[in-house]
Amino acid sequence: MTTFDVVIALLAATSVGAAALVVTTRQVVHAALWLVVSLAALAGCYVVLAAELVAWVQVLVYVGAVVVLMLFAVMLTRAPIGRSADTDGARLGAAVVATAMTATLVVLLLKSFGDVRVDLKARPVGNGEVIGSALFRSWVLPFELLSLLLLAALVGAVVLTRDDIEGEQ
Amino acid sequence: MHLAVPLVAGALLFGLGIYGVLARKNAVLVLMAVELMLNAVNLNLIAFGAYLRDRFRTGEVTTLFVVTIAAAEVGVGLAIVLLLYRRRESVDLDRATELREEAA
């Protein structure tokens with residue numbers, strides 16, 4: 001057990017606990033706020049795993065943008081403030097499927113990687129310089145394609161939500 | 001550091017996401033559960049990136065790509081949810097059983 005182990009275990013436990021509350025709470029707004037806790041703790045895990053830039057992107061994009069978008073959607077769909085009874089459907093079936101799959105995954109991962117150690121100091125921290133040069137040396141094409149995907153998603157979202165755009169009749 | 005810690009955490013997050021997608025009826029809550037699953041995948045990518053230490057930083061770069069795709073997915077997904085709400089006055093996925101528009 002090293003300090004890294006303890007810190008990442010604590011952060012991961014926070015993230016998993018908050019995620020459990022995201023999928024079980026009956027208050028829609030609380031689910032969004034617990035999602036913030038879960039994703040921020042994951043950003044902490046990324047820092048421990050020496051992925052500094054990804055941690056900042058996680059905070060900026062997820063905690064900053066995605067959760068705010070979720071909260072806007074919660075408000076625009078007039079989700080009730082406070083408890084709402086009709087948030088969940090087939091809980092038992094979902095719990096059975098999720099538990100079976102998680103148990104399989106955990107057993108499989110522990111059997112395969114149970115005693116594998118990672119040397120976190122063996123390579124430079126993934127900061128902006130390192131990831132930036134990897135991105136623009138080895139990953140330029142997918143990177144540029146992603147900007148196209150974002151543009152398509154942007155246009156698609158605008159076209160979907162505006163109701164004054166008519167197709168050719 | 002043990003590689004198993006982030007991997008097990010990722011598996012648990014993914015399981016919780018599966019549970020959320022299956023059990024929730026509110027479309028916004030389902031999207032949140034999908035985000036949890038995507039983040040579980042990201043944690044795995046980062047952990048294996050730190051373990052394998054490849055020259056191209058595949059783990060971290062792929063995580064950035066997944067985050068971008070997730071942002072696009074949330075944008076379009078929430079647009080669809082808003083459209084659903086505007087048409088049906090409800091975001092209950094159990095009641096959204098038809099693709100066609102309701103007869104005016």
Checklist entry - Which of the residues belonging to segment B:71-91 are crowded, with 16+ Cβ neighbours inside 10 Å and farther than 26 Å from residue A:151 by Cα? => result B:90, B:91
Checklist entry - Just to be sure, is residue B:68 more than 7 Å from chain A (Cβ to nearest Cβ) and either in contact (Cβ under 8 Å) with a residue 60 or more places away in the chain or surrounded by fewer than 24 Cβ atoms within 10 Å (Cβ to Cβ) (or both)? => result no
Item to check | Residue list for segment A:100-122, filter: part of a loop (DSSP other than H, G, I, E, B) and facing chain B (nearest Cβ under 7 Å) | outcome: A:114, A:116, A:118, A:120, A:122
Next on the checklist: Tell me the residue from A:125, A:97, A:68 that is under 22 Å from the mean Cα position of the chain (by Cα), in a helix (DSSP H, G or I), modelled with pLDDT of 90 or more and more than 10 Å from chain B (Cβ to nearest Cβ), please.
Outcome noted: A:68
Checklist entry - If a residue has to be more than 7 Å from chain B (Cβ to nearest Cβ) and aliphatic (A, V, I, L, M) to count, how many in segment A:4-31 make the cut? => result 8
Item to check | Leading residue by the ranking (farthest from the other protein chains (Cβ to nearest Cβ)) among those in segment A:128-157 that are polar (S, T, N, Q) and over 22 Å from residue B:71 (Cα atoms) | outcome: A:133
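The values are calculated or read from the model by the stated rules, or taken from the named source; none is laboratory data. Worth saying up front: this structure is predicted, and the values here are computed from it rather than measured. Note: ideal-geometry Cβ built from the backbone for every residue, glycine included; neighbour counts use all protein chains shown.
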